[in-house]
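What follows is a set of notes on a single structure, which appears directly below.
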Amino acid sequence: MDRIIVTGGGALKGEIPIAGAKNACLALMPATLLSEEPLTLTNAPRLSDIKTMTELLTSLGAEASSLQDGQVLAMSSHDINNHIADYDIVRKMRASNLVLGPMLARLGHAVVSLPGGCAIGARPMDLHIHGLEALGAEIELRDGYLHARAPKGLKGAVFEMNFASVGATENIVMAATLAKGTTVLKNAAREPEIVDLVACLRKMGAHIDGEGTSEITIEGVDRLHGATHPVVTDRIELGTYMLAPAIAGGEVECIGGRVDLVRAFVEKLDAAGISVEETARGLKVSRRGGRLSAVDVTTAPFPGFPTDLQAQMMAMLCTADGVSVLEERIFENRFMHAPELTRMGADIDVQGGTATVTGVKKLKGAPVMATDLRASVSLILAGLAAQGETVVNRVYHLDRGYEQLVRKLKGVGANIERVSDT
C-alpha cells in the first residue's frame, strides 16, 4: 500500500495549476444519459473517481473515451442497454447515485444501488427519493437497491427540500429537464458545481433559470442534444493549495483560481493573516509575516465555508496564535483527522460537532493514518510545516480528489515523495 513521506521546514515558491472540479465533473458526466447525442467535457480532472464514473456509465451502455491525457471526456449514450447501476461499482463512490435522475427521466425506469464513498456520515438518499417522487416517480428500496419507475413519465412539480443538498439538487434538476411541464425546486443548493451543471444542461437545450439561488425553475423539454462544456475550476483543490504557503510559508500562485469560488474561505484566511491577491492568471497567496492568528470557522452550504476545506483549515490553525473553534454543521464524523493531528503535537479537543484548537508553536513529524479524502490532504499540509518526517499511510483516498498532488507540491519546493511497499 502506498504512503506519502513529507519532510517539513521549507518555504514554498512557484505556481500550482488548479484542475477542473471533481464534484462538478461527477455531476456533468451522468448528464450524458439525458441525450442520444455526444457530450464532451474539457478541463476534466484526472482522478480515480472520474474513472469510477466512467466505469459506471459504460456498464449502462454509454460510450466514454478519455482524450488529451485524460483532460477531455468524450461520451455518448445513444444506446443505453442496461438500467441497473450495480453495487460493485456504486459502492466505490457516492456520486454514483447521480445516474438515478437522468435514467429515470430518459428511460422511465432505473435500479440503482445505495451509494458508498468516504465514511464521513450517513448522507441519506431521502431528498433524492422524495424529490423524484414529487415528479411522479415510484421508488421502492429492495435488497439495497432503489427500484425506480415512471411508467407515465415524469411531470413538473413544486418541491421544497428541508436541506440544501447538492446531490439531490443535481439529481432533481437533471430529471426535471425531460419532465412534462414546469418544476420549481425550492431551498436548492447554490454551489458553483450546480451553476456549472446548469450551464452545461442549457447548452444541451434545457430551459432552466435561477441557478446559484435557492429557487431553480426548470421547464421540461422533449429532448436534449449534444454539447461541449469546460468543467469549472475545483474550488476545493484551490483552497487546499492556497493553504500550502499559509502553513509552510512562502508564496504560491494558484493558476485558474477565482475568489468568487472561495469567498468565505478567503475571508477567514485574511482574518488569520494571509494575503490573497488576484492576478491575471489566478490567485497569489502568502503570509503577511509572523505567526498566524486563530480564527473561528463554521461550515455551511455555499456561499458559506466549505465542509470540504474544514480538515485542511484545522491543519493550518494547529500552529496559529490563540484558540480556534471549528464547528462542523454539514457532516457528522468529520473530525477523524483530529486524533492524527494530535499525534503530530496538535492540541485539539473534540466535543460532538465542535473542535477547539489551541495553537502550538510547532508540529512534529509522525506516522499518521488517513481516514478520508480531505483528512488525507490535511495531514500532508500539516507535514509541510512539521519538524522532521511525517509518514501518511492509506493515501489511496487522495487519488479520488487530487490529481498529481506530489508533483504539484514538489513543483513549489515541498520535500515530498510517494512510496509503495510493493
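The values are calculated or read from the model by the stated rules, or taken from the named source; none is laboratory data. All of these numbers come straight from a predicted model, not from anything done at the bench. Please note: Cβ atoms are built from the backbone with ideal geometry, for glycine as well, and neighbour counts cover all protein chains shown.
Observations
- Residue list for the stretch 124-160, filter: surrounded by 21 or more Cβ atoms within 10 Å (Cβ to Cβ) and either more than 18 Å from Met103 (Cα to Cα) or not assigned by TED's automatic domain parsing to the domain that holds Ala31 (or both): Phe159
- Total residues in the stretch 25-73 satisfying the condition of being part of a loop (DSSP other than H, G, I, E, B) and of a type in the set (Gly, Ala, Ser): the figure is 5.
- Qualifying residue in the stretch 62-85 (condition: at pLDDT below 95, surrounded by fewer than 17 Cβ atoms within 10 Å (Cβ to Cβ), farther than 24 Å from Val406 by Cβ and among the acidic types (Asp, Glu)): yes
- Of all residues in the stretch 134-184, those satisfying the criterion of being in contact with a helix residue (DSSP H, G or I) (Cβ under 9 Å, 6 or more places away or on another chain), in a loop (DSSP other than H, G, I, E, B) and small (Gly, Ala, Ser) are Ala137, Gly144, Ala150, Gly153, Gly156, Ala157, Ser165, Ala179.
- For the stretch 240-267, filtering for residues that are of a type outside the set (Val, Ile, Thr), crowded, with 22+ Cβ neighbours inside 10 Å and not in a strand (DSSP E or B) leaves 10.
- Residue match in the stretch 255-263 (condition: of a type in the set (Gly, Ala, Ser) and either in contact with a Leu (Cβ under 7 Å, 6 or more places away or on another chain) or at pLDDT below 95 (or both)): yes
- Residue satisfying all of: in the stretch 209-239; in a strand (DSSP E or B) and among the hydroxyl-bearing types (Ser, Thr, Tyr); surrounded by the fewest Cβ atoms within 10 Å (Cβ to Cβ) among these: Thr228
- Pair list, Cβ under 7 Å, 6 or more apart: the stretch 315-333 residue in the same structural domain as Ala385 (by TED's automatic domain parsing), other residue among the basic types (Lys, Arg) and surrounded by 24 or more Cβ atoms within 10 Å (Cβ to Cβ): Glu328/Arg334
- Pair list, Cβ < 9 Å and 6+ apart or interchain, from the stretch 271-282 residues that are in the same structural domain as Val259 (by TED's automatic domain parsing) to residues that are in a loop (DSSP other than H, G, I, E, B) and among the basic types (Lys, Arg): Gly273/Arg288; Gly273/Arg291; Ile274/Arg288; Ser275/Arg288; Glu278/Arg258; Gly282/Arg258
- Answer residue from the stretch 62-77, given it is in contact (Cβ under 8 Å) with a residue 40 or more places away in the chain and of a type in the set (A, V, I, L, M) and is farthest from Cys25 (Cα to Cα) among those: Met75
- Scope the stretch 356-370; condition buried (at least 24 other Cβ atoms within 10 Å of the Cβ) and either touching a Cys at 6+ places or on another chain (Cβ under 9 Å) or over 22 Å from Glu417 (Cβ atoms) (or both); matching residues: Val357, Leu363
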